[in-house]
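Engineer: Following this message is one structure expressed as structure tokens.
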Amino acid sequence: MNPALETIKERGFLQQCTDLEGLSKRMDEGPVTFYIGCDPTGPSLHIGHMVPFFALRHLRDAGHVGIALLGGGTARIGDPSGKTETRKMISYEAIDANAELFRKQLDRFVGFDGKTSFSANNKDWLADLNYIDFLRDIGSHFSVNRMLSFEAYKARMETGLSFVEFNYQLLQSYDFLELYRRHGCRLQIGGDDQWGNIVAGMELIRRVEGAEVFGLTFPLVMTHDGKKMGKTEKGALFLDPAMTTPYDFFQYWRNVSDADVLKFLLMFTFLPAAECRALAAPGRDINAAKERLAWEVTALIHGTEEADKALSGAKAAFGGGGDRSSMPTAELSRARFEAGYPVLDLFVDAGLAPTKSEARRLVQQGGAFVADAAWKDEKAPVGAGLLDPDGELVLRAGKKRYCRIVAK
């Protein structure tokens, strides 16, 4: 097998390939241009989006050329794949703004140089399509029976599939055709939920251009207990630091299950595979491996400075030294402490509970800690006497969520 394919297989990326032997042979002959698409339906990428982009970097490092295709056009209707109901429509202006945010996030991670990797936007060829011409030239190559055989459509037929969404596969297939014509793109990669769309694009290129192209998909990454990787109590693990702080991002990886450490080291870092296995080997300090995983992924997404700060904050929170100023921090009124800060309000204001009822439940269940002591009385206020000489106080919710309070 081609070394690039061996690498992504070894690191857990390879799920299905339309012709693994043929693709391997084509890669042996020289660089292959490939693409990954993502629709900017929100203001930030999350870590689940990033699996194919980690693979992109491995393939690029092996000499191949990667295109990040922003779906400024396809996001206008929404991909039904993996969804149980129709996506909410958002304005064209919001889609364009999201696309630019996605591009910047991907540029930071991938490093678009215009030669070995670059971005494109399918809005450039989809936004002004003539619908009648598109149906004649492209739609005529699709069989409705064949489309309905793909899992993405079969699953939605039970809950309802709009005609708008039914067009999505044609548009994604047309993307592959356009990228083949414009850039000689011969491979589309993506999550396994995209298999039907990828195969449809390959068949369109074969029918229209008579060319051989390929598709390759990655597993949908799950934790060992069957949960979707990257889901937290607050929702998805976003790349935007305003939506998921670097500290919370770091803590997600630091707290993964022991059983997931090796898989995540292989998929979400660029450490050599042998080093990943050594870090997670039986008998080794698994917490040290988790800390290394957390630092590596955070550095890749947010930079080494933020990774260092998150590591230092985590050490301070969990009693291993470090810099307490790097912990999640909330500035609150000193006067409220002097008057007696209602503990339920305090945990809400610190961001450790979304509502007072949740804060009450936290206290009643013994999960609310003030200055390392469990706070058991929901009616007892927190006074200024618990502030240290610098006017600070550390709160904890449960075992893993901390907040440094600065009273001013």
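Engineer: Which order do the peptides 347-359, 88-100 take when ranked by the mean count of other beta-carbon atoms within 10 Å per residue, highest first?
Structural biologist: Descending mean neighbour count gives 347-359, 88-100.
Engineer: Expressed in nm to one decimal, what extension gain is obtained for the pair LYS115 and VAL144 from 0.36 nm per residue of sequence separation less their Cα-Cα distance?
Structural biologist: So the chain would gain 6.6 nm between LYS115 and VAL144.
Engineer: When the chain is fully extended, how far beyond the present Cα-Cα distance does GLU392 get from ALA371, taking 0.36 nm per residue of separation?
Structural biologist: 6.6 nm
Engineer: How much FRET efficiency would the formula 1/(1 + (r/R0)^6) give for ALA127 and HIS183, where r is the Cβ-Cβ distance and R0 is 22 Å, rounded to 0.05?
Structural biologist: That gives a FRET efficiency of 0.70.
Engineer: Below 8 Å, C-alpha to C-alpha, sequence gap of six or more: please give me the relative contact order for the range 255-309 in percent.
Structural biologist: Relative contact order, the range 255-309: 30 percent.
Engineer: In addition: Would you work out the relative contact order for the chain, in percent, from Cα pairs under 8 angstrom that are 6 or more residues apart?
Structural biologist: 14
Engineer: Using only Cα atoms, find the angle between the long axis of helix 195-209 and the longest principal axis of the chain, and express it within 0 to 90 degrees, rounded to the nearest 10.
Structural biologist: Its long axis makes an angle of about 30 degrees.
Engineer: Among GLY313, LEU237, CYS276, which residue has its Cα positioned farthest towards the positive end of the charge dipole of the range 231-322, with +1 placed on the Cβ of Lys and Arg, -1 on the Cβ of Asp and Glu, and the dipole taken about the Cα centre?
Structural biologist: With unit charges placed on the Cβ atoms, the residue in question is CYS276.
Engineer: As a test of the formula, what do you get for the chain when each DSSP H run with n ≥ 4 contributes -39,500 (n - 2.57) and the sum is divided by the residue count, at 222 nm and rounded to the nearest 500 deg cm²/dmol?
Structural biologist: -13000 deg cm²/dmol
Engineer: When only C-alpha pairs under 8 Å and at least 6 residues apart count, what is the relative contact order of the range 231-322, in percent?
Structural biologist: Worked out over the range 231-322, it gives 31 percent.
Engineer: Shifting gears a bit: Over what distance in Å are the Cα centres of the range 267-344 and the range 1-38 separated?
Structural biologist: Going from one Cα centre to the other spans 35 Å.
Engineer: Here's another thing I want to ask about it. Please state the shape class of the range 329-407: rounded when a/c is under 1.5, otherwise prolate if a/b exceeds b/c and oblate if not, all from the C-alpha gyration tensor.
Structural biologist: prolate
Engineer: Which one of GLN188, GLN15, GLN169 has the biggest mean-square fluctuation once the chain is modelled by GNM with Cα springs under 10 Å?
Structural biologist: The residue with the greatest mean-square fluctuation here is GLN15.
Engineer: Continuing with the same structure: Got a sec? Charge dipole of the range 3-218, +1 on Cβ for Lys and Arg, -1 for Asp and Glu; which of LEU216, HIS49, SER162 is way out at the positive end?
Structural biologist: HIS49
Engineer: Once the piece of chain linking GLU331 and TYR92 is laid out straight, how much longer is it, given 0.36 nm per residue of separation minus the C-alpha distance between them?
Structural biologist: Difference between extended and current length: 82.2 nm.
Every read-out reported here was derived from the displayed coordinates using simple, explicitly stated rules and does not represent laboratory data. It should be emphasised that the depicted structure is a prediction, and the values quoted were computed from it without experimental measurement. Virtual Cβ from ideal backbone geometry, glycine too; neighbours counted across all protein chains shown.
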